[in-house]
Structure formats: C-alpha cells, structure tokens
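Before any comments, here is the structure.
The values are calculated or read from the model by the stated rules, or taken from the named source; none is laboratory data. None of the values given here were measured: they were computed from a predicted structure. Every residue, glycine as well, gets a Cβ built from its backbone with ideal geometry; the counts of neighbours run over all protein chains shown. Just so you know, the surface numbers come from the protein's heavy atoms only, side chains and all, with ligands and any DNA or RNA stripped out. Shrake-Rupley method; radii C 1.70, N 1.55, O 1.52, S 1.80 Å.
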Amino acid sequence: MDEFNYQEAIAKIKARFPEGTVKKREDTGRAYIPNQVYNDRVELATQSQWTLEYSEVEINVPQRYVKVVARVTIGPHTRDGIGFHELNVDGSGNVKKLSTAVDQAKAEAFREALDTWQIGWQDLAPYYQLEKDWGSNPALQHLLHSSPPEESERFSQASEVIDRQCIYTNCGAQLTRDEWALLGTIPKLDRTRMTYCFEHIPNHYKKKIPSAELETFLKKTNDR
Ligand SMILES: [Zn+2]
C-alpha cells in the first residue's frame, strides 16, 4: 500500500463535489450534502485509511434528547463531532422511535466531525451568502473562487475500482465506487463487513435499495 499522505488526502476531501451534489432539505429548504456522499468521499480520499467510532451515546429520557459523539480519525489526526436529536415521548412516558433519533444524532455528529476538515464547504458556501450566513463572511470568500471541479472528476474516474472486495464465496471481485456507494444506501447494512459486488448482494438487502438510487446505479452501469 502507498504511504499515507495526510495533506493529499485532506486536499481531496475538501475538493469540490460534482454538480448536483448539494440537495435542499424538504422542510427548511436549507442546502446540504447527504452523509453517504461524505462517507464515500472520505473512503476514496483516504483509500479506506480512516476510522469512525461513536465514542459516546447518551440517551437522556427526562430531558428528551439523544447526544452522540462521533470520533473520526484520518492519518494522525482525530476530531470529534457532537450530534443531538430530540426524543419523542408518548403520553405514558415511553420513548418513540428511539433508533431513528439515535441514527439522526449519529449522522449529525459524523457531519460535525468531518466539518472540521472543511468537507463540502466550497460546494455549500454559495448557498449561504445572506448576511447572517457563514458563507458570506469576507474571510471565507476564497471558497467561492476556488478551482472548478475538474480535479475531483479526474479523481473519481481514477478511482473507478476501489480497494474493497466482494465477500461472496469465490467471488472476490473488486468493487466499483458505484457499487460501494450503492451498498451505502441499504439501511442497516454495514458495508465494511457485508461487502458485496452488485451481483452478489443478497436479495433481501437488494430489495431495500431505494429505487431512485438503484435506477441511477443501473443507468450508470449500462452507460459504460
Ligand atoms: Zn461478488
């Protein structure tokens, strides 16, 4: 394996995403980038040489919140992010949808940790240009004039196949980055252990792939 180059990995992490990556929240209209995209970017940029652990999960029923601390390590550097989510409690004091609340808090904590490496800032800054928003700060104007996304496009083509192999008996095929991303869309599947090429994804998991993601995947694959 090549020697890990921290500066290079971080440059790749901060690089712009392809057009269309930024989404708008349905409820608030705020711009965001999906966590799967961040996860995929860090995977590729570090060639899987990163770790994520949730070092603290606090479920506070009296105060009705979940607090999660995500700890991300890239090379020699470890950063923490904190995520909160409100707990819903029904009339008899039972917590509703606990696992959803924990997942949401984890997602926020993960984003917060990665945010310290400025992931997605160049892409999000144009959407936060009102006076009250962080992107309009004069000290951050350089984000708006950064290099166009050719770099990251070349980068994604170069990494068409990634350093992950299908675990299905006797398969061992190297996954494409699209297959890896697709695995990331399956709820409750830990793709670092359940690593399958598309052909070998067990059917009960395949059925859980969001149809839009599946369509995009199949279209991309057929275009090749
Ligand atoms: Zn396979």
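Points worth noting:
- Note on segment 6-145: semi-axes of the ellipsoid equivalent to its C-alpha gyration tensor, largest first and rounded to whole Å, are 29, 20, 13.
- In nm, spacing of pseudo-spin labels at residue 137 and residue 78 (7 Å Cα→C-beta vector): 2.7
- Accessible-area value, residue 24, 1.4 Å probe, nucleic acids and ligands omitted, Å²: 120
- In loop segments of segment 3-32 as defined by DSSP, the chymotrypsin sites (Phe, Trp or Tyr not before Pro) with at most 14 further C-beta atoms inside 10 Å of their C-beta are 4.
- Along the axis of the charge dipole computed for segment 6-145 (Cβ charges of +1 for Lys and Arg, -1 for Asp and Glu, origin at the Cα centre), the listed residues 69, 85, 139 are led at the positive end by 139.
- Here's the picture: charge each Lys and Arg Cβ at +1 and each Asp and Glu Cβ at -1 in the chain, and of 195, 121, 165 the one pushed furthest to the positive end of that dipole is 195.
- Cross-link reach list, lysines versus residue 67, counting only Cα pairs under 26 Å and skipping chain neighbours closer than eight places: 23, 24, 96, 97, 106, 188
- Shape of segment 160-223 from the C-alpha gyration tensor: oblate (a/c of 1.5 or more and a/b not above b/c, with a ≥ b ≥ c the square roots of its eigenvalues).
- The charge dipole of segment 6-145, taken about the Cα centre with unit charges on the Cβ atoms of Lys, Arg (+1) and Asp, Glu (-1), comes to about 100 debye, rounded to the nearest 20.
- Only Lys, Arg, Asp and Glu carry charge here, each on its Cβ (+1 for the first two, -1 for the last two); on that basis segment 160-223 has a dipole of about 300 debye about its Cα centre.
- Helical segments meeting 20 Å axial Cα length and Kyte-Doolittle -1.0 threshold in the chain (DSSP H): 98-115
- Separation in nanometres of the label points that stand 7 Å from Cα toward Cβ, at residue 48 and residue 220: 1.8
- Helical content of the chain, expressed as a calculated mean residue ellipticity at 222 nm, amounts to -10000 deg cm²/dmol (DSSP H runs of 4 or more residues, -39,500 (n - 2.57) each, divided by residue number, nearest 500).
- What a 1.4 Å probe finds exposed on segment 160-223 is 49% carbon and sulfur by accessible area, rounded to a whole percent.
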